[in-house]
Amino acid sequence: MATDEWGTEGWGGDRDEQMERQGPRWDMFWFERLRDVLERSGEEEAIQALITELRTAEDYTNLFYALLLRKRWELGVSPFPTGSATELPPETHEEYEEAIRQAGREIGQALLQKRQFRQAWAFYQMLEEPEPMRAALEAYTPAADEDITPLIEVAWHHRVLPRKGFDWVLERHGVCSAITLVGSTDFREDTALRDYCIGRLVRTVYEQLRERLRADLRDRGWGEGPEESGIATLMQRYPELTADESYHIDVSHLSSVVQMSLYLPAGEENRLAQELCHYGRRLSPVLQGRHETPFEEGYEDYLAYLEAVGGQNVEAHLARFRAKAERAAAEGSTYAAQVYVNLLLRLGREAEALAAAQQFLLREDERNLICPGVYELARRQGNYTAIAQAAAARGDPVAFLAALLSARRKLSEQAEVSPRIS
């Protein structure tokens, strides 16, 4: 816990702004009355009067500092925190730290009860105790007309409860804002959160599109199809729904969500994303937009990728993306090959992924790839021969010798654990 943040800066700058935002403005009469208490009843009574008045007025920022003021007075150190709390006598550190924790918890809880989530988080963040904040957000349902910006800030941007923060964005601000949020977030440290957000987007867009298709059928007097009919079934039965450049959902949202869905593992959201592709492929070419290799065929390619991940027509789809990788490589581009390697890895085909990387990515700088390169794939498999070959091809003597040394060590370790045959 960083006590100096509160001990050094508490009396100026940011604190003055917090007082203006959170607490009442005290008139001169109040200050004179506090002086009278000090002169008539002494220091402890004056400090307690200050605490009582601030608690009653719900001036929580000043109350926090008043509670620390009381502890500093009890410890016999300066009541005015002119320096870092670590500058206090060493024997007072533990007791003062505990006072900070107690004061922070009291103020944090009081602010939570007042539903001042952003202000409460400032204290729990300082204490490095996110659980009370997390529990409060989990249990909270904002009113329909409530400004949820502070909730999203704490839940999502401070990662206190990011899934619920994303849910609030999607439910209150809509698909467009949720797509923007996902697209601008680095999920490398939390791929489970990425999959959750994309899965929710897929389900939301799927339900919106399915309902609008059924509404279109009703408007045409064709009924609305069986209740259990999915989008693919509806499109197969009623291809007229997308005739004459008709569409039922923002096509940019559809395209974005389908492309994001390529991250999803096999499962229900993967299946629903496939259904979205079945709709997208029936749109007018004008509405399908342009897509980059290896997805230049748009929804047909996205569908093939999703089906492969979902375990459908795997060999045919792998052949499709391998052919794309070969064509692009002949033109001097390896991006399609990187997609192909990732697809092999998604299917658990580590050896094939390494072979593909050796064929297409041997001389590529691995820092610029969207997939693991030869070095990384070979290292995972303990294939130091492949690393040595790649290093030689790249003119990398350090990696070459490191691979040879690692291979010798591996052989030595295997010899030690293998039973001796007499």
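Applying the set (1) surrounded by fewer than 16 Cβ atoms within 10 Å (Cβ to Cβ); (2) in the same structural domain as V258 (by TED's automatic domain parsing) to T180 leaves exactly one unmet item: (2). Can you name the number of the only condition in (1) over 21 Å from V251 (Cβ atoms); (2) touching a residue at least 12 places away in the same chain (Cβ under 8 Å) that G332 fails? Status for G332: all satisfied but (2).
Here is a yes/no grid of residues against (1) under 21 Å from E58 (Cβ atoms); (2) surrounded by fewer than 14 Cβ atoms within 10 Å (Cβ to Cβ):
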residue: R72; (1), (2): no, no
residue: A103; (1), (2): yes, no
residue: W121; (1), (2): yes, no
residue: I152; (1), (2): no, no
residue: H157; (1), (2): no, yes
residue: V169; (1), (2): no, no
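For the range 228-256, the tally of residues that are touching a residue at least 60 places away in the same chain (Cβ under 8 Å), closer than 14 Å to L283 by Cβ and buried (at least 19 other Cβ atoms within 10 Å of the Cβ) stands at 1. The number of residues in the range 384-398 being surrounded by fewer than 16 Cβ atoms within 10 Å (Cβ to Cβ), of a type in the set (A, V, I, L, M, F, W, C) and within 17 Å of A357 (Cα to Cα) comes to 2. When I249 is tested against (1) assigned to a helix (DSSP H, G or I); (2) farther than 25 Å from R188 by Cα; (3) not basic (K, R), only condition (1) is not met.
Yes or no: the range 303-318 includes at least one residue that is within 29 Å of Q208 (Cα to Cα), touching a Ser or Thr at 6+ places or on another chain (Cβ under 8 Å) and either assigned to a loop (DSSP other than H, G, I, E, B) or not charged (D, E, K, R) (or both). Yes; the residues of the range 303-318 include at least one that is within 29 Å of Q208 (Cα to Cα), touching a Ser or Thr at 6+ places or on another chain (Cβ under 8 Å) and either assigned to a loop (DSSP other than H, G, I, E, B) or not charged (D, E, K, R) (or both).
What are the residues in the range 257-266 that are in contact with an Asp or Glu (Cβ under 9 Å, 6 or more places away or on another chain) and farther than 9 Å from G199 by Cα, if any?
Y263, P265, listed by residue number.
Go through the residues of the range 137-152 one by one and say whether even a single one is assigned to a helix (DSSP H, G or I), among the hydroxyl-bearing types (S, T, Y) and on the phi < 0 side of the Ramachandran plot. Yes, that holds for at least one residue. Is there a residue being assigned by TED's automatic domain parsing to the domain that holds N383, surrounded by fewer than 16 Cβ atoms within 10 Å (Cβ to Cβ), within 26 Å of the chain's Cα centre (by Cα) and farther than 30 Å from S284 by Cβ anywhere in the range 318-340? No, there is no match, as no residue in the range 318-340 is assigned by TED's automatic domain parsing to the domain that holds N383, surrounded by fewer than 16 Cβ atoms within 10 Å (Cβ to Cβ), within 26 Å of the chain's Cα centre (by Cα) and farther than 30 Å from S284 by Cβ. Scan the range 183-192 and tell me whether some residue there is surrounded by 17 or more Cβ atoms within 10 Å (Cβ to Cβ) and either at pLDDT below 95 or out of contact with any Asp or Glu (no Cβ under 7 Å at 6 or more places or on another chain) (or both). No: the range 183-192 contains no residue that is surrounded by 17 or more Cβ atoms within 10 Å (Cβ to Cβ) and either at pLDDT below 95 or out of contact with any Asp or Glu (no Cβ under 7 Å at 6 or more places or on another chain) (or both). Just one of the listed residues (G225, G199, G221) is surrounded by 15 or more Cβ atoms within 10 Å (Cβ to Cβ), in a loop (DSSP other than H, G, I, E, B) and assigned by TED's automatic domain parsing to the domain that holds E269, namely G225.
Inspect the range 9-23 for any residue being of a type in the set (G, A, S), modelled with pLDDT under 90 and exposed (fewer than 14 other Cβ atoms within 10 Å of the Cβ) and give the result as yes or no.
Looking for residues that are of a type in the set (G, A, S), modelled with pLDDT under 90 and exposed (fewer than 14 other Cβ atoms within 10 Å of the Cβ), one finds at least one in the range 9-23, hence yes.
Consider the range 255-297 and keep the residues that are among the polar types (S, T, N, Q) and assigned to a helix (DSSP H, G or I). The one that is nearest to S333 (Cα to Cα) is Q259. Cβ separations smaller than 7 Å between residues 6+ apart or across chains give the following pairs from the range 361-390 residues that are more than 13 Å from Q338 (Cβ to Cβ) and assigned by TED's automatic domain parsing to the domain that holds R346 to residues that are acidic (D, E) and surrounded by 14 or more Cβ atoms within 10 Å (Cβ to Cβ): Y375/E366; R380/E350; Q381/E350. Taking the conditions (1) over 24 Å from L262 (Cα atoms); (2) at pLDDT 95 or above in turn, K410 satisfies each one other than (2). So, E129, is that one surrounded by 15 or more Cβ atoms within 10 Å (Cβ to Cβ), farther than 14 Å from C197 by Cβ and in the same structural domain as R101 (by TED's automatic domain parsing) or not? Judged against the criteria, E129 is a match.
Select from the range 182-233 the residues that are polar (S, T, N, Q) and more than 15 Å from L272 (Cβ to Cβ) and list them in ascending order.
Those that are polar (S, T, N, Q) and more than 15 Å from L272 (Cβ to Cβ): S184, T185, T191.
The requirement of being touching a Cys at 6+ places or on another chain (Cβ under 9 Å) and either more than 29 Å from A407 (Cβ to Cβ) or of a type in the set (F, W, Y) (or both) is satisfied by E300.
The values are calculated or read from the model by the stated rules, or taken from the named source; none is laboratory data. Keep in mind that this is a model prediction, so the values were computed, not measured. So basically every Cβ, Gly included, is an ideal-geometry build from the backbone, and we count neighbours across all protein chains shown.
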